[in-house]
Amino acid sequence: MSQSKCDHGHKHRGKSSEHLVEKEKIIANLSIQPGQKVLDAGCGNGYMAKEFARQVGSSGRVYALDPDACSIRRLKEEIQGTVIEPFVDDITKQTKLAPDSIDLIYLSTVLHGFTAAQMQDFVVEVKRLLKPGGILAIVEIKKGETPFGPPQNKRLSPEELANTLGMRSIGLVEVGQHFYMQRFRIKDLPPTY
Ligand SMILES: C[S@@+](CC[C@H](N)C(=O)[O-])C[C@H]1O[C@@H](n2cnc3c(N)ncnc32)[C@H](O)[C@@H]1O
């Protein structure tokens, strides 16, 4: 894809939550460990992928995927020499990542755009990718009056999100005036005897 197509093609690429969420609070509630593998799905400009890279350190890996080739190309230019691997992909389809390989899958303001069919396919891919004990963390815009955001009928309350995913929440926290983060553990760790 040419530079000019990315710079001047006025395709809507989705608004960044970068200056609207509390990054430190998000990180504090994710308990990311050095060496872990994290996936930022629908990474946009990749600002959280960069935060995750600091947490996983040089022995870890951060995969940053987005269907938007221009976002991925820009991110690739910025993160050379880091543990971040940006690539074009769609989290509602089977990605190139290996099964049972990811400790944390993170999506910020991506899910409300999915159709019901995409949501089902997303759950299939998340279940394929997460290691036993791995975490799915979703940041979404609260329902109700906000100065920005999708129409109310597109938004999901934390309860609706859990029901839609068919998953049990293991934690809910406010991560900015208008945002919440909900975490889910999908595959339990095997019992230790
Ligand atoms: C509102 S933006 C949020 C970007 C970033 N996560 C943030 O919080 O700033 C939504 C992003 O989701 C991406 N997206 C849309 N459909 C997707 C899909 N099926 N799989 C992965 N990402 C998707 C868009 O390309 C866009 O970058």
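Check region 173-192 and report whether any residue there is open to solvent by less than 50 Å² (accessible area, probe 1.4 Å), modelled with pLDDT of 95 or more, hydroxyl-bearing (S, T, Y) and more than 29 Å from G35 (Cα to Cα).
Looking for residues that are open to solvent by less than 50 Å² (accessible area, probe 1.4 Å), modelled with pLDDT of 95 or more, hydroxyl-bearing (S, T, Y) and more than 29 Å from G35 (Cα to Cα), one finds none in region 173-192, hence no.
If you check I91, I79, I102, I84, which single one turns out to be closer than 26 Å to T164 by Cβ, away from the ligand (no atom under 12 Å from the Cβ) and touching a Gly at 6+ places or on another chain (Cβ under 8 Å)? Talk me through it step by step, then tell me what you get.
Values: I91 fails: away from the ligand (no atom under 12 Å from the Cβ); I79 fails: closer than 26 Å to T164 by Cβ; I84 fails: closer than 26 Å to T164 by Cβ.
Step by step, each of I91, I79, I102, I84 is checked, and only I102 is closer than 26 Å to T164 by Cβ, away from the ligand (no atom under 12 Å from the Cβ) and touching a Gly at 6+ places or on another chain (Cβ under 8 Å).
Would you be able to say whether some residue in region 145-161 is closer than 22 Å to K93 by Cα and β-branched (V, I, T)?
no
Is there a residue in region 18-28 that is assigned to a loop (DSSP other than H, G, I, E, B), closer than 21 Å to E174 by Cβ, at pLDDT below 95 and open to solvent by 60 Å² or more (accessible area, probe 1.4 Å)? Full working, then the answer.
Keep residues of region 18-28 that are assigned to a loop (DSSP other than H, G, I, E, B), which gives 18-22.
Remaining after also requiring closer than 21 Å to E174 by Cβ: 18-22.
Within this subset, residues satisfying the condition of being at pLDDT below 95 are 18-20.
From what's left, open to solvent by 60 Å² or more (accessible area, probe 1.4 Å): 19-20.
Yes, there is a match, as at least one residue in region 18-28 is assigned to a loop (DSSP other than H, G, I, E, B), closer than 21 Å to E174 by Cβ, at pLDDT below 95 and open to solvent by 60 Å² or more (accessible area, probe 1.4 Å).
From the residues in region 34-76 that are among the charged types (D, E, K, R) and within 10 Å of the ligand (Cβ to nearest atom), which one is surrounded by the fewest Cβ atoms within 10 Å (Cβ to Cβ)? Quick ask: steps written out before the conclusion?
The initial filter retains those residues of region 34-76 that are among the charged types (D, E, K, R), namely 37, 40, 50-51, 54, 61, 66, 68, 73-74, 76.
Adding the requirement that they be within 10 Å of the ligand (Cβ to nearest atom) leaves 40, 66, 68.
Details: D40: 28, D66: 26, D68: 17.
That would be D68.
If we scan region 106-125, do we find a residue that is aromatic (F, W, Y), in a loop (DSSP other than H, G, I, E, B), out of contact with any His (no Cβ under 6 Å at 6 or more places or on another chain) and modelled with pLDDT of 95 or more? If you could, list the steps in order and put the result at the bottom.
Quick first cut of region 106-125, residues aromatic (F, W, Y) only: 106, 114, 122.
From the residues that got through so far, the ones that are in a loop (DSSP other than H, G, I, E, B) too are 114.
If we keep only those that are out of contact with any His (no Cβ under 6 Å at 6 or more places or on another chain) too, we end up with 114.
Next, only the ones that are modelled with pLDDT of 95 or more stay: 114.
Checked against the condition, which is being aromatic (F, W, Y), in a loop (DSSP other than H, G, I, E, B), out of contact with any His (no Cβ under 6 Å at 6 or more places or on another chain) and modelled with pLDDT of 95 or more, region 106-125 yields at least one hit.
Which of the residues that make up region 74-129 are of a type in the set (D, E) and over 25 Å from K187 (Cβ atoms)? Working first, answer last.
Within region 74-129, the subset of a type in the set (D, E) is 77-78, 85, 89-90, 100, 103, 121, 125.
Scanning region 74-129 gives E77, E78.
Could you grab me the full set of residues in region 77-111 that are open to solvent by 40 Å² or more (accessible area, probe 1.4 Å), within 19 Å of G44 (Cβ to Cβ) and in contact with a strand residue (DSSP E or B) (Cβ under 6 Å, 6 or more places away or on another chain)?
E85, the sole residue that qualifies.
Tell me, yes or no, whether region 123-137 has at least one residue that is acidic (D, E) and open to solvent by less than 20 Å² (accessible area, probe 1.4 Å).
Step one: of region 123-137, the residues acidic (D, E) are 125.
Within this subset, residues satisfying the condition of being open to solvent by less than 20 Å² (accessible area, probe 1.4 Å) are 125.
Yes, that holds for at least one residue.
Restricting attention to region 117-131, does a residue exist that is at negative phi, polar (S, T, N, Q) and touching a residue at least 24 places away in the same chain (Cβ under 8 Å)?
Pass one, region 117-131, residues at negative phi: 117-131.
Next, only the ones that are polar (S, T, N, Q) stay: 118, 120.
This time we only want the ones that are touching a residue at least 24 places away in the same chain (Cβ under 8 Å), so: 118.
Taking every residue of region 117-131 in turn, at least one turns out to be at negative phi, polar (S, T, N, Q) and touching a residue at least 24 places away in the same chain (Cβ under 8 Å).
The values are calculated or read from the model by the stated rules, or taken from the named source; none is laboratory data. The structure displayed is predicted, hence computed values, not measured ones. Neighbour counts run over all protein chains shown; Cβ positions are idealised from the backbone, glycine included. The protein model used for the area step is the full one, side chains on, heavy atoms only, and it has no ligands, DNA or RNA in it. Shrake-Rupley method; radii C 1.70, N 1.55, O 1.52, S 1.80 Å.
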